[in-house]
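The values are calculated or read from the model by the stated rules, or taken from the named source; none is laboratory data. Predicted model, so just to flag it, every value in this text is computed and none were measured. Cβ placement follows ideal geometry from the backbone for every residue including glycine, while neighbour counts extend to all protein chains displayed. These area figures cover heavy atoms from the full protein model, side chains too; ligands, DNA and RNA do not enter into them. Shrake-Rupley method; radii C 1.70, N 1.55, O 1.52, S 1.80 Å.
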Amino acid sequence: GILEIPDVLVVHKWDLGAQAERTRADLESWLRLATLAPGRWRPPVIGASSLTREGVDEIARAIASHREHLSNGELETRRARARVAWALELFVRRFGSYGIERVGGSVAAEALIAASPGSALDAFSALATRAGFSA
């Protein structure tokens, strides 16, 4: 998607008072509008101040909670999606829509990337080779 929802939102300068609280309320309202699948992580919105150290413990707890949430295989799934997206973006930047057409379209390109072992750069090279380009 074009817009990513972060895992934890932190409103800095919490010591500013009303302005920071409005920002937090705006973020929470926006998150309520977001449609998240059941069981998906709902990002907390935390107010924090480096001057008063308020919210620092809450940030640490939120990060630990999120890490626990990802322990069900979600982290590996996210990394795999990111690898495909990155390799595809590199390929399109280098070879454009012509390159995508040469490998049979974006679905074929994504499948080839997903099936390629190694890093995103390895997948990019495999895609370039398939298209008949030198990486």
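Every residue in the range 28-53 that is assigned to a loop (DSSP other than H, G, I, E, B) and under 17 Å from the mean Cα position of the chain (by Cα), please.
Matches in the range 28-53: Ala34, Thr35, Leu36, Ala37, Arg40, Trp41, Arg42, Pro43, Pro44.
For (1) within 23 Å of the chain's Cα centre (by Cα); (2) within 27 Å of Ala120 (Cβ to Cβ), each residue gets a yes or a no:
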residue	(1), (2)
Gly55	no, no
Ser65	yes, no
Glu76	yes, yes
Arg79	yes, yes
Phe95	no, yes
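Looking at the range 4-24 only, could you name the residues that are within 17 Å of Ser50 (Cα to Cα), outside any helix (DSSP H, G or I) and open to solvent by 50 Å² or more (accessible area, probe 1.4 Å)?
Residues satisfying the conditions are Val10, His12, Lys13.
Quickly run through the range 1-27 and pick out the residues that are more than 19 Å from the chain's Cα centre (by Cα) and charged (D, E, K, R).
Those that are more than 19 Å from the chain's Cα centre (by Cα) and charged (D, E, K, R): Lys13, Asp15, Glu21, Arg22, Arg24, Asp26.
Return the total of residues in the range 83-124 being among the aliphatic types (A, V, I, L, M), in contact (Cβ under 8 Å) with a residue 24 or more places away in the chain and part of a helix (DSSP H, G or I).
9
Residues of the range 62-79 being assigned to a helix (DSSP H, G or I) and within 19 Å of Pro44 (Cβ to Cβ), which ones?
Ala62, Ile63, Ala64, Ser65, His66, Arg67, Glu68, His69, Leu70, Glu74, Leu75, Arg78
Pairs only if they're at least six apart or on different chains, beta carbon under 7 angstrom, first in the range 38-57 and on the phi > 0 side of the Ramachandran plot, second surrounded by 14 or more Cβ atoms within 10 Å (Cβ to Cβ); list them, first residue then second.
Pairs found: Gly55/Trp14; Gly55/Ile46; Gly55/Gly47; Gly55/Ala48; Gly55/Ser49.
Would you mention how many residues in the range 31-57 are open to solvent by less than 100 Å² (accessible area, probe 1.4 Å) and of a type outside the set (Asp, Glu)?
17
Taking the condition of being open to solvent by 80 Å² or more (accessible area, probe 1.4 Å) and within 28 Å of Arg67 (Cα to Cα), how many residues in the range 79-114 meet it?
Looking only at that region, the number is 5.
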